[in-house]
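Scroll down for the structure; my scribbles are underneath it.
The values are calculated or read from the model by the stated rules, or taken from the named source; none is laboratory data. Bear in mind the structure is a predicted one, so any value in this text is a computation, not a measurement. FYI the Cβ positions are ideal-geometry reconstructions off the backbone, even for glycines, and counts take in every protein chain you see.
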Amino acid sequence: MNRTIMSAIRDFSLCIVCATALIVCTTACSLSGDGKETEHGHDHEEGGHEGHDHEEGGHEGHDHEEGEHEGDDHEDGAVHLSDDMKKTAGIVVAAVQKGVLHAGISAPAHVLPTQEGKAHVGTPLAGRITRLHAAEGTLVAKGTVLAEVEAPGVAELQSDYFRAAAEVERAQAELKRNETLGEERIGSRRSLEEARSAWRQATALRQSIAAQLQTAGISPEEIDKSGTITSRIYLRAPVAGVVSRRHVALGEYLQPDRDAFEIVNTATVWVDARVQPERVEVLHVGETATVRSGGGEQRKGKIVYIAPVVDSSSRTVTVRLLVENRDNAFRPQSYATVEFRSTNGGEALVVPRRALETEGGTYFVYREVSDGFERVQVAVGSTSEQDAEITEGIEEGWRIAVDGVFYLKSMRKSGELAEHHH
C-alpha cells in the first residue's frame, strides 16, 4: 500500500517537471521571435533555422517548383523504355501506312426459288384424279408423272383428231387427182384451187387438234401409231425439283383453272440479302459473297441484282445472289446469312485491330515518341476481322505499337503515360 502511494507521488512529480520545462521552452521561443538570443545561443531570426532555409516553403536542394522532381525519368509524361524492356513486354512498333481494307458486311437473307425454277401444274381438261404419284417434298425429274386424270374431253379430242387426219388424207388425194388432171389439161383450174384450199383447211384443223393433244400430254404421233383412243391424262413435272405444294386429293374432280401441284427447282436458288443503305454502295453486281444456311452449310453466291430503292418497311436494300443448290441445302422460304467482302480502294490509313485500345466507345492508339509512347485518340471507319480503317487522329508514317498494347495500357493506368487528344 505504501509502495503504491510512493509510486503515484513520483509520477505526479515528473508531470510537474515536464510542465515546467514546456513553459520554459515556450517563453524562450517567444523571446527569440524578438531577435534576442536564448540561453542556449540558437539564432531564430525571422523564424529560420541555420542551415534549413524554408523561405517560400522550399527546402534547399529539393526544388518542387511546378511539381517536378529533379532526376525523374518522365519527359512530357511519356514513360522511358529501353529496347530490352520493349522486347520483354512484347511491344512491336510499325509505321502507319495506307492500304486496302477488306471489310466484311453481314446481312440477314431469305432463300427464294428463281423465276425459271418454279412451276405450277394443272390439267388442260376437266377430269377426276384417279391416281397420285407424288406428295409434297417428293424430288422429281423433268417429265416425271405426278398424277393421272380421267378426262372424258380428251377422248373426244382424240376422236376429232382422227377425223381431222382422215379429212387430210381425203383432201390430199383430191388435190393430187386435180393436179394430175391439170397436167393432162383435162381438169379445170377452178377445181384445182378448190382442192388445194380444202387440203389446207383440213391440215390446219389437224394441226390445231394435235396441239391440243400435246397440251394434254398426249403425243399425236403415238396415237397415230396405236390408233386407239384413251380418256386418261398424265400430269407431268415440267421442271426438275421438289414438289412444294399438292393441292388435290385422290378422287377429286379437277378443273383447268386450278393448280394440282407446285414444283420448285432447287438446283439454283435466289438468296435475297437485306443490306443497310449506307453500306450497299461498296457492293457491285458480279461480285461474290459467302452464304450460310440456317443449318451451317456454307458456299459462294454471285450478286445478280441490287435494288435501286430502299424498302419502305425494312429500310434496307435488297441484294440478290444466285447460289448453286443441287444438294438442296438451301431450301426456299428458309433464312440464311450473307457475308459480303468489300474494299476501301486503298485510300485510307489501315492499322491492325490489335493496335487499338477501346474505352467507352472511343478508340486510341499508342504512338512512339522519344524513348516512350503517348496515347492518341483516333476515329475508326470500316473494320474487318484483322484490320481497321482510321479516318482521323493519325498521320501516315507515324510509328505506333501494334503489339503489347495491353502492357502500355497498364502503364498508362499507373500514370506513367501522357494522353493526347486530337
Filtered residues of region 358-384 (kept if in contact with a Leu (Cβ under 8 Å, 6 or more places away or on another chain) and within 24 Å of Asp84 (Cα to Cα)) = Val365, Tyr366, Asp371, Gly372, Phe373, Glu374, Arg375
Hey, among the residues in region 324-344 that are crowded, with 20+ Cβ neighbours inside 10 Å and closer than 14 Å to Val285 by Cα, which one's farthest from the chain's Cα centre (by Cα)?
-> Ser342
So, first residue closer than 16 Å to Arg200 by Cα and assigned by TED's automatic domain parsing to the domain that holds Arg200 in region 176-190, second residue of a type in the set (S, T, N, Q) and part of a helix (DSSP H, G or I), Cβ within less than 6 Å, six or more apart or across chains; the pairs are Asn178/Ser191
Return yes or no: is Arg246 within 20 Å of Lys142 (Cα to Cα), in contact with an Asp or Glu (Cβ under 9 Å, 6 or more places away or on another chain) and either buried (at least 16 other Cβ atoms within 10 Å of the Cβ) or modelled with pLDDT of 90 or more (or both)?
-> yes
Looking at region 219-228, which of its residues are modelled with pLDDT under 85 and surrounded by 14 or more Cβ atoms within 10 Å (Cβ to Cβ)?
-> Ile223
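Table: residues versus (1) charged (D, E, K, R); (2) touching a residue at least 40 places away in the same chain (Cβ under 8 Å); (3) touching a Pro at 6+ places or on another chain (Cβ under 9 Å).
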residue: Thr337; (1), (2), (3): no, yes, yes
residue: Val369; (1), (2), (3): no, yes, no
residue: Ile390; (1), (2), (3): no, yes, no
residue: Asp403; (1), (2), (3): yes, yes, yes
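Suppose the filter is over 30 Å from Arg292 (Cα atoms) and either in contact with an Asp or Glu (Cβ under 6 Å, 6 or more places away or on another chain) or surrounded by 14 or more Cβ atoms within 10 Å (Cβ to Cβ) (or both); does Glu150 pass it? Even if it seems obvious, please write down each step before you answer.
Working: over 30 Å from Arg292 (Cα atoms): yes; either in contact with an Asp or Glu (Cβ under 6 Å, 6 or more places away or on another chain) or surrounded by 14 or more Cβ atoms within 10 Å (Cβ to Cβ) (or both): yes.
It is true that Glu150 is over 30 Å from Arg292 (Cα atoms) and either in contact with an Asp or Glu (Cβ under 6 Å, 6 or more places away or on another chain) or surrounded by 14 or more Cβ atoms within 10 Å (Cβ to Cβ) (or both).
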Residues being in contact with a Leu (Cβ under 8 Å, 6 or more places away or on another chain) and surrounded by fewer than 15 Cβ atoms within 10 Å (Cβ to Cβ): count how many of those fall in region 165-180.
-> 1
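Is there a residue in region 146-155 that is acidic (Asp, Glu), farther than 30 Å from Pro352 by Cβ and at pLDDT below 90? Please lay out each step first, then the result.
Of the residues in region 146-155, the ones acidic (Asp, Glu) are 148, 150.
With farther than 30 Å from Pro352 by Cβ added as a condition, the list becomes 148, 150.
Narrowing further to those that are at pLDDT below 90: none.
Scanning region 146-155, I find no residue that is acidic (Asp, Glu), farther than 30 Å from Pro352 by Cβ and at pLDDT below 90, so the answer is no.
Being under 21 Å from the mean Cα position of the chain (by Cα) and either in a strand (DSSP E or B) or surrounded by fewer than 15 Cβ atoms within 10 Å (Cβ to Cβ) (or both), is that true of even one residue in region 362-376? Before you say what the answer is, go through the steps one by one.
Keep residues of region 362-376 that are under 21 Å from the mean Cα position of the chain (by Cα), which gives none.
No, region 362-376 has no match at all.
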Restricted to region 385-400 and to residues being surrounded by fewer than 17 Cβ atoms within 10 Å (Cβ to Cβ) and at negative phi, the residue modelled with the lowest pLDDT is Glu385
Some residue of region 301-310 being loosely packed, with under 13 Cβ neighbours inside 10 Å and either touching a residue at least 24 places away in the same chain (Cβ under 8 Å) or more than 30 Å from Val264 (Cβ to Cβ) (or both) | no
Out of Glu347, Glu368, report the one residue that is within 19 Å of Trp398 (Cβ to Cβ), touching a strand residue (DSSP E or B) at 6+ places or on another chain (Cβ under 9 Å) and modelled with pLDDT of 90 or more.
-> Glu368
Looking at region 182-192, which of its residues are at pLDDT 85 or above and surrounded by 12 or more Cβ atoms within 10 Å (Cβ to Cβ)?
-> Ser191, Leu192
